[in-house]
Amino acid sequence: MSASDIRLWHTLSFRDADAMIAWLAAVGFTEHATHRDQKDPSVVVHAEWLWPGGGGIMFGSRRPDAAVDNVGTSAAYLVTDEPDAVFDRAVAAGGTVLRPMVDQEYGGRGGSVADPEGNHWSVGDYQPE
C-alpha cells in the first residue's frame, strides 16, 4: 500500500517530536516523510508516518501557528495481527498501561496504552467490518 492509497490520516501534535518519533518507530510505525523547520531542526513542521496494516498519522511539533494543537488529547486504534507484541513494544518504549490486553466480548483481543505525552492508543486485532 502506498501513501496515496490511504484515505484517513489521524493528526497529532507533540511537545517533543523527536522523543515521539522514537516511540512511534518502536511501536511499528514507519516514516513516509518528516519535514523540519530549516532554522530549528528540532521542530517538526509536518510528518507522515504509516501503520504497516494500512492507515497513517500526520503530526508536528507544538507551535503557535500549527493547524492542530492536541498534545496529549488524541486517541487512536491500531489494528494488528500481533496485538500482544505491539502492546508490549509500546509499554517497553515508555507507554503506560491504561487497559491491559484482554479478549474482548465483541471479538478480538485488545488493550490500551498512553504514549509518553498522554495520547491514548488502543491496540487490537479486531477489524471493524
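None of the figures in this text is laboratory data; all of them are computed from the coordinates on show. Only a predicted model underlies this, so the values are computations on that prediction, with no experimental measurement involved.
Taking all C-alpha pairs of the chain, those more than 21 Å from each other amount to 39 percent. Nearest 10 degrees is fine. How inclined is helix 17-27 to the longest principal axis of the chain, computing both from alpha carbons? The angle comes out at about 30 degrees. Counting only DSSP H runs of at least 4 residues, each contributing -39500 (n - 2.57), and dividing by the residue count of the chain, the helix-based mean residue ellipticity at 222 nm comes to -5000 deg cm²/dmol. Close amide H partners of H32, meaning residues 5 or more places away or on another chain with modelled amide H under 5 Å apart, are E48, W49, L50.
Backbone amide hydrogens, once placed in the peptide plane, bring F14 within less than 5 Å of G60, S61, R62, excluding anything fewer than 5 places away on its chain.
Using the alpha-carbon centroid of each, what span in Å lies between the stretch 89-117 and the stretch 26-84? Each part reduced to its Cα centre gives a spacing of 19 Å.
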